[in-house]
Amino acid sequence: MNKKRWLIIAVIAIVAAAVGALCVRYLYQQEVYAGVSFEGIPVGGKSGGELVALISEWQQEHIGQNAEFYYGDQLYSVEAADIDFALDSEATADEIRGFGRSGSWVERSWNIGLAAVKGYNVKGRMIYNEAKLEALVDRWRRSIDREPKNATISILTGEVIAEEIGQRLEVDIVKKQVLAALEYPVERQPLPVMLLYPEVSRAGMQADGLDTILASFVTYFTAGDVERSANVRLAASKLNGYILNPGQVFSFNDVVGPREKKFGFKDAMEIINGEYVPGVGGGVCQVSSTLYNAALLGNMTIVERTNHSKPLGYVALGRDATVYYGVLDFKFKNSREFPVMLVAETKGTMLAVGIVGRKSMQQKVEIVTANRRVIQPEVKKIPDPTLPKGKTKIEKPGAPGFEVTTIRSVLSGGAEIKREILAIDTYSPEDQIVKIGTAIVPVHPNVPDLPKQVEEN
């Protein structure tokens with residue numbers, strides 16, 4: 001019995017040693033483990049060189065293709081090079097070779113055995129330039145996106161203008177579409193575009209009784225100043241069709257938004273710290289000032305408003321409202337018992353802004369400026385060594401400032417039912433700059449002319 005038992009033990013030991021040797025050999029083999037595939041292509045048993053060649057062949061067949069999309073009759077295309085889209089061959093090969101080579105020998109054995117039975121697929125590690133993808137999709141977005149427009153009433157013609165449906169490109173979905181289409185070429189695909197429906201339709205205007213222009217105001221701008229005119233038109237378009245419910249406060253900055261080039265605003269002259277300087281969005285204050293006057297005449301409650309530091313040419317003193325995004329805003333509250341709509345339009349050099357609402361008790365609003373006081377400019381004398389002493393030169397003529405009080409009077413049936421002081425505004429004078437000569441001019445004594453000598457040959 002003892003001999004038999006030792007024989008069995010010896011056989012088991014030999015078998016165990018053989019199995020162990022096989023396992024060690026298998027665990028530490030250099031080739032890819034059985035059952036592993038790359039993008040559905042079996043790569044088990046392949047050496048490092050064979051694997052690199054296979055990945056390279058797959059990359060040539062798949063990467064570098066272009067992808068095409070469409071919306072309506074517009075075609076949009078992208079090539080892999082446009083966004084530096086490529087297969088990271090080294091990282092992909094490392095992942096394939098690394099399968100089954102991490103963890104304890106038990107974990108490794110389990111993973112290797114499971115792959116041999118059920119398979120294990122490794123996808124290609126794709127790389128791309130995120131900034132270039134963002135820029136590409138943003139170009140597509142700008143050609144597609146369109147804000148919805150509410151139905152409105154034209155101040156100039158009284159005609160009801162029908163609403164317009166807007167649209168928005170689903171940017172995040174498009175990015176995924178582009179990457180997938182470059183990796184796995186597909187047929188031309190439609191771009192995902194969401195329709196944006198306006199808040200107010202023509203039928204909705206009729207239902208809400210938005211059929212009467214309660215107040216309007218017109219100013220004029222210079223068409224020759226192209227950039228400033230563009231800013232005026234853009235800001236006006238953002239106001240047009242805006243609905244303000246009873247008790248709701250309107251914020252010019254919230255509705256018009258940041259005055260930045262990426263939103264379509266252009267460089268034009270604006271007033272900063274009392275001086276005219278170039279800045280993005282110059283001219284927008286004409287829209288806020290025109291709206292301010294419409295709000296005054298519409299008997300809206302003014303919540304926030306600041307006058308300019310200088311008098312303006314398009315509105316009277318005390319009738320302007322300056323704005324600067326993030327710093328100065330123009331706000332008013334809808335004091336009516338029904339919704340109102342803001343309407344704004346431009347024609348030629350005319351900017352017209354109005355408030356539309358329901359027919360109500362007729363009231364007349366009058367705006368009066370009183371207590372006008374002129375503030376004389378100071379004269380600043382600056383020494384100038386380039387001018388002779390005793391000479392003066394006016395460098396800047398200067399301009400007077402003003403102080404005015406603005407009053408709103410509301411009349412009904414010819415009788416005043418309300419009177420309020422809206423503001424006491426000060427417009428700073430511009431100092432006169434005079435240069436005073438300080439240069440001393442040398443005086444030369446009178447020297448008699450000497451007789452000319454003539455040489456005779």
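The values are calculated or read from the model by the stated rules, or taken from the named source; none is laboratory data. Fair warning: this is a prediction, and the values are worked out from it, not measured in the lab. Neighbour counts are summed over all protein chains in view; Cβ atoms, including those assigned to glycine, are modelled from backbone coordinates with ideal geometry.
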Per the filter on region 284-315, residues surrounded by fewer than 22 Cβ atoms within 10 Å (Cβ to Cβ), in a loop (DSSP other than H, G, I, E, B) and in contact with a Leu (Cβ under 7 Å, 6 or more places away or on another chain) are THR306, PRO311
Would a scan of region 181-188 turn up a residue that is of a type in the set (Lys, Arg), in contact with a strand residue (DSSP E or B) (Cβ under 9 Å, 6 or more places away or on another chain), assigned to a helix (DSSP H, G or I) and modelled with pLDDT of 85 or more?
no
Take region 383-418 and flag every residue that is touching a strand residue (DSSP E or B) at 6+ places or on another chain (Cβ under 8 Å) and not in a strand (DSSP E or B).
LYS389, GLY390, LYS391, PRO397, GLY398, PRO400
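Determine, yes or no, whether LYS176 is within 21 Å of PHE332 (Cα to Cα), at pLDDT below 95 and in a helix (DSSP H, G or I).
no
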Matching residues in region 53-102 (in a loop (DSSP other than H, G, I, E, B), among the aromatic types (Phe, Trp, Tyr) and within 23 Å of LYS175 (Cα to Cα)) number 1
If I ask for residues that are farther than 18 Å from SER409 by Cα and surrounded by fewer than 19 Cβ atoms within 10 Å (Cβ to Cβ), which ones from region 316-330 would you list?
TYR324, TYR325, GLY326, VAL327, LEU328
Which of the residues spanning region 101-143 are surrounded by 18 or more Cβ atoms within 10 Å (Cβ to Cβ), in contact (Cβ under 8 Å) with a residue 60 or more places away in the chain and β-branched (Val, Ile, Thr)?
ILE112, VAL122
Among (1) surrounded by fewer than 15 Cβ atoms within 10 Å (Cβ to Cβ); (2) over 30 Å from GLY281 (Cβ atoms); (3) charged (D, E, K, R), where does GLU147 come up short?
(2)
In the same structural domain as THR322 (by TED's automatic domain parsing), within 28 Å of ALA295 (Cβ to Cβ), surrounded by 13 or more Cβ atoms within 10 Å (Cβ to Cβ) and at pLDDT 90 or above: which single residue out of VAL353, VAL404 fits that description?
VAL353
Restricting to region 32-51, name every residue that is closer than 15 Å to ASP94 by Cβ and surrounded by fewer than 15 Cβ atoms within 10 Å (Cβ to Cβ).
SER47, GLY48, GLY49
Restricting to region 257-283, and then to whatever is in contact with a helix residue (DSSP H, G or I) (Cβ under 9 Å, 6 or more places away or on another chain) and either in a loop (DSSP other than H, G, I, E, B) or at pLDDT 95 or above (or both), can you tell me which residue is nearest to PHE332 (Cα to Cα)?
GLY257
VAL374 passes all but one of the listed conditions (1) surrounded by 15 or more Cβ atoms within 10 Å (Cβ to Cβ); (2) modelled with pLDDT of 90 or more; the exception is number (1)
